[in-house]
Amino acid sequence: MLGYRGSVASSIRRAGAFALCGTLSIAAPAVGRGTVVFFAAVAAASLFVIDEGFLFDLFARSADREDRTLYSLAAFSLAVAGLAILATLFGMSVSVFVASVLVLSYGNLGERIVRTRRHSGAAPAVGFVVGGTLAAVAGQAAVLAIEGASTAAVVDALPTISFLAASGALLGALLRTVLFARDDPLTMLSVGLLLWFFAEISVPLSALDVAIALSLTATLGALSYGLGTASVAGALTGTVLVLSTIVLGGYDWFAILVTFFGVGSLAAKYRLEEKRERGIAEPNEGARGSANVLANAAVALGAVLAFAASSLLPVAPAAFLFAFSGSLAAAMADTLSSELGGLFDGPRLVTTFEHVPPGTDGGVTWQGELAGLAGATLIAAITGGVFESVGVPGAIVIAAAGAVGMTVDSLLGATIEPRLGNQGVNFLATLAAALVATVTVLAVGL
């Protein structure tokens, strides 16, 4: 027990040391390119100078101790230096640079502190999100103050910096869940690139909008995990999608997305024991993982991001709404056709119409096809209802695109799914539906 407590205390001290090192990034507005030089020097010292003593013991992970080299601190410092180059030479804002560093630094610290009491489950990820968000908000506010912004200007900027901080912390927690500790530099750089994009598109935000968005995001993430419809990684992926959709698209876009998540999750849980007996149940008690969530919603996320950046693109913003809804109509259709259709006997292979066992890739039942069409129609109806500009003609386009995507999914499942995997097939099916919806709306001028 004493050895375990000592290991935990050492882990927290190490995370705290990395957090303090990351805090030095706040000096970037004052020292400019000296930030790059400083962190590059820290990396060099970690690799070639510090091989024993207090600093070595403070920063060393177990792999570092074996080779007597602080690889982890060197990788961390090089990642910070790389982001600093983007901030000093390529236009990334210093505020985004600092937020990205602090999200990882203090997110890891928050995660380690929580792990002292709750080693498993969602609690460590929540610790990462809370620690990273609070530190990133404080860091961005400090940068604005150092750059000469008034107190009123800092307060006015709080909605934006809170959104950036929360988005970065959620992405960081997701990547920390699916990657290894040695991949922290990749996590930091990924957070930095995402926040840089969000900062560049300059979406106007109010304090109320951000507060509501964060509250809804946290509530839905907790519900999806608590009800067992998503794993920790799946819930984090969903929260990133939800937060981005609400802030960058709006509540109308969110209504479409949450319909897909809600109905799809219920369908996965429906008659789960019977599905398990038939060998068609989703693994992990029907809980969706990050790969499954992204396979079905990555195209929709891309459409939201493109819509937010539509002023920079030579495409009408409405086209991205149809891409968003078309992809989710296909995802809904595929989910319902497989989750409900698999409960019926007599599936036939979509390419040859021969009878195949339930759960066979590319096998369909007429009941499943009807359920899929109903799912696509549901997404289309909601889109037409909340967007007056879409109307009945646009809803028909979205439903048809969803049906096309469902058919593409079945065809790919019957032919090349062993090579692509289920997630790859899902992604291509939603992409096909998005393209059909977009091309159609642009061709007919809806």
(message) Looking at Gly148 and the list (1) surrounded by fewer than 24 Cβ atoms within 10 Å (Cβ to Cβ); (2) in a helix (DSSP H, G or I), which single condition is not satisfied?
(response) (2)
(request) Being surrounded by 13 or more Cβ atoms within 10 Å (Cβ to Cβ) and in a loop (DSSP other than H, G, I, E, B) is the filter here, so list the residues in the range 189-214 that pass it. (result) Val203, Leu205
(request) May I ask you to verify whether Ala433 is surrounded by 16 or more Cβ atoms within 10 Å (Cβ to Cβ) and either over 20 Å from Val293 (Cα atoms) or not assigned by TED's automatic domain parsing to the domain that holds Ala267 (or both)? (result) no
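Could we say that Leu236 is under 17 Å from Leu301 (Cα atoms) and at pLDDT 90 or above here?
Numbers: under 17 Å from Leu301 (Cα atoms): yes; at pLDDT 90 or above: yes.
Taking the combined requirement at face value, the residue satisfies it.
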(message) Could you check the range 387-412 and list, in sequence order, the residues that are β-branched (Val, Ile, Thr), modelled with pLDDT of 95 or more and closer than 14 Å to Leu328 by Cβ?
(response) Val397, Ile398, Val404
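Name the residue, out of Leu349, Leu336, Leu343, Leu321, that is among the aliphatic types (A, V, I, L, M) and closer than 23 Å to Ile246 by Cα. Walk me through it before giving the result.
Details: Leu349 fails: closer than 23 Å to Ile246 by Cα; Leu336 fails: closer than 23 Å to Ile246 by Cα; Leu343 fails: closer than 23 Å to Ile246 by Cα.
Exactly one of Leu349, Leu336, Leu343, Leu321 is among the aliphatic types (A, V, I, L, M) and closer than 23 Å to Ile246 by Cα, namely Leu321.
Tell me, please, whether a residue that is assigned to a helix (DSSP H, G or I) and either more than 26 Å from Ile201 (Cβ to Cβ) or in contact with a strand residue (DSSP E or B) (Cβ under 9 Å, 6 or more places away or on another chain) (or both) can be found in the range 344-366. Outline the logic, then answer.
Pass one, the range 344-366, residues assigned to a helix (DSSP H, G or I): 366.
Narrowing the set further to residues that are either more than 26 Å from Ile201 (Cβ to Cβ) or in contact with a strand residue (DSSP E or B) (Cβ under 9 Å, 6 or more places away or on another chain) (or both) leaves 366.
Checking the range 344-366: at least one residue is assigned to a helix (DSSP H, G or I) and either more than 26 Å from Ile201 (Cβ to Cβ) or in contact with a strand residue (DSSP E or B) (Cβ under 9 Å, 6 or more places away or on another chain) (or both).
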(request) Run down Val137, Val178 and say which single residue is surrounded by 17 or more Cβ atoms within 10 Å (Cβ to Cβ) and of a type in the set (Val, Ile, Thr). (result) Val137
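Just checking, which of Ser72, Ser100, Ser93 is touching a residue at least 24 places away in the same chain (Cβ under 8 Å), buried (at least 24 other Cβ atoms within 10 Å of the Cβ), polar (S, T, N, Q) and assigned by TED's automatic domain parsing to the domain that holds Leu189? Walk me through how you get there before you give the answer.
Working: Ser72 fails: buried (at least 24 other Cβ atoms within 10 Å of the Cβ); Ser93 fails: buried (at least 24 other Cβ atoms within 10 Å of the Cβ).
Sole residue among the options that is touching a residue at least 24 places away in the same chain (Cβ under 8 Å), buried (at least 24 other Cβ atoms within 10 Å of the Cβ), polar (S, T, N, Q) and assigned by TED's automatic domain parsing to the domain that holds Leu189: Ser100.
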(message) Test of understanding: among Ala17, Ala28, Ala44, which residue is exposed (fewer than 15 other Cβ atoms within 10 Å of the Cβ) and modelled with pLDDT of 95 or more?
(response) Ala44
(message) List the helices (runs of 4 or more DSSP H) inside the range 250-333, counting only whole elements, that have at least 3 residues being at pLDDT 85 or above.
(response) 251-269, 290-308
(message) Condition first: in contact (Cβ under 8 Å) with a residue 40 or more places away in the chain and either more than 22 Å from Tyr251 (Cα to Cα) or of a type in the set (Asp, Glu) (or both). Can you find one or more residues in the range 377-391 that meet it?
(response) no
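Is it the case that Leu420 is part of a helix (DSSP H, G or I), surrounded by 17 or more Cβ atoms within 10 Å (Cβ to Cβ), within 26 Å of the chain's Cα centre (by Cα) and of a type outside the set (Gly, Ala, Ser)? Let's see the steps before the verdict.
Values: part of a helix (DSSP H, G or I): yes; surrounded by 17 or more Cβ atoms within 10 Å (Cβ to Cβ): no; within 26 Å of the chain's Cα centre (by Cα): yes; of a type outside the set (Gly, Ala, Ser): yes.
Spelling it out, it is not the case that Leu420 is part of a helix (DSSP H, G or I), surrounded by 17 or more Cβ atoms within 10 Å (Cβ to Cβ), within 26 Å of the chain's Cα centre (by Cα) and of a type outside the set (Gly, Ala, Ser).
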(message) Out of everything in the range 47-69 that is under 20 Å from Leu109 (Cα atoms), exposed (fewer than 15 other Cβ atoms within 10 Å of the Cβ) and hydrophobic (A, V, I, L, M, F, W, C), what residue ends up being modelled with the highest pLDDT?
(response) Phe54
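The values are calculated or read from the model by the stated rules, or taken from the named source; none is laboratory data. Predicted, not measured: the structure shown is a model, and the values here were computed from it. Here the Cβ is made from the backbone with ideal geometry for all residues, glycine too, and neighbour counts use every protein chain on show.
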